[in-house]
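**Q** One structure coming up, written as structure tokens, with questions to follow.
Coordinate-derived values only; no laboratory data. Only a predicted model underlies this, so the values are computations on that prediction, with no experimental measurement involved. Cβ atoms come from the backbone with ideal geometry, glycine included; neighbour counts cover every protein chain shown.
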Amino acid sequence: MPFAHPVEELVEQRFSCRSYLSQPVEEQTLQRLTDYAAALQTGPFGTQLRFSLVAAREKDQKALRKLGTYGFIKGATGFIIGVIQDDEKNLEDFGYLMESIILFATDIGLGTCWLGGTFTKSSFSERVSPRPGELIPAVVSLGYCAKKPRRFDAVIRNSAGAERRLSWEQLFSDSRFGVPLSRETAGDYATTLEMVRRAPSASNKQPWRIIKDGNRWHFFLQRTPGYRERMLVRLFTVADMQRIDMGIAMCHFELVARDHGLDGRWEINTPAIEKYDEFTEYTVSWVS
Ligand SMILES: Cc1cc2nc3c(=O)[nH]c(=O)nc-3n(C[C@H](O)[C@H](O)[C@H](O)COP(=O)(O)O)c2cc1C
């Protein structure tokens with residue numbers, strides 16, 4: 001693991017930083033982030049991706065609003081731009097790898113914020129020259145955060161961030177939907193699941209659901225009704241934010257599990273589990 005801090009701490013510390021100090025990020029720090037991002041080329045599903053770090057330009061702040069992002073991003077000194085090819089699980093792979101870059105950025109003291117929108121034909125895309133068929137489903141703003149980073153111990157005490165999340169019982173089930181998973185049954189994986197619960201997601205919708213089935217952990221996407229369509233109509237984009245959210249959840253799950261010495265692999269094998277409703281979709285399973 002290339003991180004100096006335990007992944008769990010980084011997950012706890014990260015939050016969406018929307019206001020940055022004007023202080024530029026040192027060349028050496030940017031280089032570390034660039035090197036980390038450059039080494040990530042393939043996601044867990046095998047999609048080829050590439051990431052670039054670019055300096056912010058004066059007009060970026062205004063441009064972001066027109067590209068369908070929400071929230072007001074003030075003073076970011078740079079952006080991480082990821083480019084994907086058209087592939088079946090490209091958005092999950094994108095979410096997975098970009099989130100690992102975010103955790104690395106957190107590790108070296110930087111603030112970040114995911115920004116989902118229509119970047120493919122924007123001033124952001126000019127800076128990374130996408131080839132025909134390539135997409136930019138989201139970018140991440142970067143810089144020194146104007147707000148102090150959360151302190152790990154304070155986070156644990158106050159559970160900051162956690163209260164804006166769905167409960168453990170709503171997210172994790174035992175063998176089938178509707179049967180809440182107890183922390184005891186989750187066993188060694190209890191912390192890993194908690195770190196999925198803390199993951200960022202588009203509009204904080206938290207669409208991930210996990211079912212423990214023996215040594216298999218099935219990941220289901222619980223789509224927010226109308227969210228995809230609303231996004232599609234509003235943004236004229238093919239980016240499906242909730243699939244990016246799934247990749248982010250997979251990243252937290254795998255990095256925290258491995259950090260705790262828990263081994264496993266991803267497998268796509270649809271289980272015979274009745275879905276929660278028509279908006280539930282199976283994505284992948286972690287086999288431990
Ligand atoms: C795919 C994706 C897209 C997002 N898009 C935006 C955005 O356009 N504007 C914004 O301010 N935050 C955006 N966010 C951040 C979420 O709103 C944020 O993660 C969520 O509210 C939880 O808060 P936290 O990150 O501080 O824990 C996005 C997050 C994800 C994962």
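**Q** Please report 29, 69, 192 as a ranked list, fewest other C-beta atoms within 10 angstrom at the top and most at the bottom.
**A** Listing 29, 69, 192 from fewest to most nearby Cβ atoms yields 29, 69, 192.
**Q** While we're on this one: Taking the Cα centre of the chain as origin, sum charge times position over the Cβ atoms of Lys and Arg (+1) and Asp and Glu (-1), and report the length of that vector in debye to the nearest 20.
**A** 1220
**Q** Only helical DSSP H runs with n ≥ 4 go in: add -39500 (n - 2.57) per run for the chain, normalise by residue count and round the 222 nm mean residue ellipticity to 500 deg cm²/dmol.
**A** Result for the chain, helices only: -9500 deg cm²/dmol.
**Q** Ok, one more. Using θ = phi - 60° and the Karplus relation 6.51 cos²θ - 1.76 cosθ + 1.60, list the HN-Hα couplings for the range 9-19 in order, rounded to whole Hz, with x at every Gly or Pro.
**A** 5, 5, 4, 5, 6, 5, 8, 6, 8, 10, 9
**Q** Give me the count of lysine pairs in the chain whose alpha carbons sit under 28 angstrom apart, restricted to pairs 8 or more positions apart or on different chains.
**A** Taking the Cα cut-off of 28 Å, the pair count is 27.
**Q** Here is a follow-up. Taking H as built 1.01 Å from N, whose amide H comes closer than 5 Å to the amide H of residue 49, not counting residues under 5 places away?
**A** 42, 43
**Q** Follow-up. Arranged by the count of other C-beta atoms within 10 angstrom, fewest first, what order do 57, 32, 209 take?
**A** Ranking 57, 32, 209 by Cβ neighbours within 10 Å, fewest first, gives 57, 32, 209.
**Q** Spelling out what I want: for every residue of the range 81-86, take phi, set θ = phi - 60°, compute 6.51 cos²θ - 1.76 cosθ + 1.60 (Karplus), and round to whole Hz; glycine and proline get x.
**A** Result, ordered by residue: 10, x, 10, 10, 9, 6 Hz.
**Q** I've got another one for you. Within the set of other residues whose C-beta is less than 12 Å from the C-beta of residue 55, count the net charge using Lys and Arg as +1 and Asp and Glu as -1. If you can, show how the numbers build up before the last one.
**A** Working: positive: 57, 127; negative: 27, 58, 60.
Around residue 55, the surrounding residues sum to -1.
**Q** In whole Å, what is the distance between the alpha-carbon centres of the range 186-221 and the range 44-60?
**A** Using only Cα atoms, the two centres lie 26 Å from each other.
**Q** Hey, fewest Cβ within 10 Å first, where do 246, 98 land in order?
**A** 246, 98
**Q** Further, regarding this structure: Based on DSSP loop calls and a cut-off of at most 14 other Cβ atoms within 10 Å, the longest stretch of the chain free of exposed chymotrypsin sites (Phe, Trp or Tyr not before Pro) is what?
**A** 73-235
**Q** In nm, what is the difference between 0.36 nm times the number of residues separating residue 34 and residue 274 and their Cα-Cα distance?
**A** 82.1 nm
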